[in-house]
Amino acid sequence: MRKLFDTLSRTLFLYNFSIRSRLILYFLFLVLLPTTIISVTVYNKSADIITRNVNTSIENNFNLVQDNLAQRFEAANNSMIALYLNSEFADLISSNRPTDSTGIINELAALDKILENFPANGTSGSSFVPMLYMLNRPEYTQYNFSRRVFNIDLISLKPWYLGIPAKSDFTVVGLSSLDSRYTLKFARRLFGIRHAQLPFVGLLTIDIPVAEFSTLLEHYKPTPGSKVYIADGTGTIAISPEPGLIGQNINTQEYYSKMNAPAADSAGLHSFHQMIGGENMLVSYRTIDNTGWTILSFSPVRELNGELAAFRRVMYIVIGICMLVSLMMALLLSENISAPIRKFIQSMSHAESGNFNITIRYRRKDEFAYLFNRYNKLLQQIKALIDKLYVTELRKKEAELQTLQAQINPHFLYNTLDSINWIAINHDIPEISNMVTSLSDFFRYSLSKGRNIIPLRDELRQVESYLEIQQFRFQDRLEYELEETDPKLLEECLVVKLSLQPLVENALIHGIQQRRGQGRIRIRVETSQGILSVSVFDDGVGADPERLNLLLANPQPGNQSYGIRNVHMRIQQFFGASYGIRYYANTEDGCGLLAVIRFPVVTTWDEVSEDVDDDRSG
């Protein structure tokens, strides 16, 4: 079991979290897992029950719609039969064709009168509009005083007429229009029932306004936002409570293609979810027997799942309360365990930065108390050893420095250079005098009485002395410029000694010396947001700044950048990793290289010490 738990923890990267976070996660997991499983199980079971109830309700509504529709169709059929069996009507359609125009007119008038009185004689009280199409009566076209009786040739090529089954007596033709309004058309074949041979004599149709059927659907909507309508076999909406939908064809809709999928061919209720108009809808449909028509219902899922949504809110509240209580208990438990560990980590951080004077105070009497007591004793022993080692190393460094300074006698050097200078003056050789003076100044600023941090003014003077000496060597090939700088800035700002001269030497040897003709070196000093920037421009042959910056981070022994790397490390040693040297392309001169040294703006040695301490603690 433990191996399984460890494997699961590694897989989920739990060991990358703190102990406190893991304790909270473990506790929440143990509490929320059973709560969530129970809630989800109950929710899914409730969802299944509600879904079954919704489907049952929709199916019952479809049954009622189909039954009412069948009753209306049967009423239409009965009305047509009643007219068919009317004695006068049966005699007229069963008699032989009149031989003269008078007989034709009398027959047409008699049939028109019977059809005109048909609504009053109907059996259902509906607003029926009957029409009769007689066989072999071309004369009816000449005497067109009737709007109800016609020759059958008038409809012989109509698609709806051609679609009437040959052996069917009563047929639901489908959606039609009469007097600018939609109707449902029904048809019945007529035979001469008073004739011995029962010949086919014509076709009787009746048109019933769709509005009389549409009212049926108003009462069978599953939800207030649902839509119910009936489409014929071609996908045209035939019956709908919304008049604007009647006559629209839906066979191009995505849901219609799902309705006609092979899996949907079986009889019964079918349902699926579909996004319609940006809303998730439950589409339910069923084919009406013997007609090929389809009842469709579109119900917003949010309305169908109203009870489920309420239950889901309650479930979320319960889970939220459990999570809140679990979180509070987990925080309390984890705090009791992780607080001593955090104290231990904090103390180790101080010890890592060199502060061994902090001891852990712990009042409990548990395993942590024993651990902290042993740790405090260990810190005391380490501090004693470090103090002893520090004093030893400090004395060693002081001895080495004194030995080195003893090897260099600055007074002897200055006196010798001063003697050479006077000899040059006596012999009227100003070039040697100037060179010796510059060399003397160069060494004076280089030694700086053993100091490592000097004013910026002294660093610039040392570089200027170096450039004066080099100008004797390069003559007209070298031109240099120290751009004007605020005297107060030069006087107050402190920098690392011998940080600028190696950059100038590098620009001279590897930049100016390698080019043809005269070269130029410029030095610029500027401050911005507490940063002192000293820039060295040269218009020499240039180099790849990225490669030079990479060498600063990863020096190679013997490489020309090793001395520059030494300067870079010294600056960071005194001021921190945020400062040092950075190379750029010299875009101002169009060629060459730009080296920038970044110092913090400091004016006292105490500020230098603070910068070093801040960097080490950070």
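Every read-out reported here was derived from the displayed coordinates using simple, explicitly stated rules and does not represent laboratory data. The structure presented is a predicted model; accordingly, all values stated were derived computationally and were not measured. With ideal geometry, Cβ positions are generated from the backbone for all residues, glycine too; neighbour counts draw on all protein chains shown.
Quick look at the values:
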{"item": "Principal axis dimensions, segment 46-115 - Cα atoms, whole angstrom, descending", "result": "78, 18, 17"}
{"item": "Relative frequency of Cα-Cα separations exceeding 17 Å in segment 210-304, percent", "result": "49 percent"}
{"item": "FRET efficiency estimate (nearest 0.05) - Cβ-Cβ, Arg302 to Leu157, R0 60 angstrom", "result": "0.75"}
{"item": "Proportion of all alpha-carbon pairs of segment 111-221 beyond 21 Å (%)", "result": "42 percent"}
{"item": "Two-site FRET efficiency, Asn336 against Ala309, from Cβ-Cβ distance with R₀ of 45 Å, rounded to 0.05", "result": "0.65"}
{"item": "Over 19 Å (Cα to Cα) - which of Lys388/Lys497; Lys158/Lys185; Lys343/Lys365 fall in this group", "result": "Lys388/Lys497"}
{"item": "Modelled label reach - Ile164, point 7 Å along Cα→Cβ, segment 187-217 residues with backbone N closer than 16 Å", "result": "187-193, 199-208"}
{"item": "Debye log10 I(q)/I(0) for segment 303-378, one point scatterer per Cα, at q = 0.22, 0.24 Å⁻¹", "result": "-0.96, -1.04"}
{"item": "Extension gain (nm, one decimal) between Glu254 and Asp67, 0.36 nm per residue minus Cα-Cα", "result": "64.4 nm"}
{"item": "Distance histogram in 10 Å bins (all Cα pairs of segment 28-177, percent per bin)", "result": "9, 25, 25, 11, 8, 7, 7, 5, 3, 1, 0"}
{"item": "Interchain or long-range residues, amide H under 5 Å from Cys493's placed H", "result": "Leu456"}
{"item": "Relative contact order [Cα under 8 Å, 6+ residues apart], segment 210-304, whole percent", "result": "29 percent"}
{"item": "In order through segment 94-111: 3J(HN,Hα) via Karplus (6.51 cos²θ - 1.76 cosθ + 1.60), integer Hz, x for Gly, Pro", "result": "8, 6, 5, 5, x, 8, 10, 5, 5, x, 4, 5, 4, 4, 4, 5, 5, 5"}
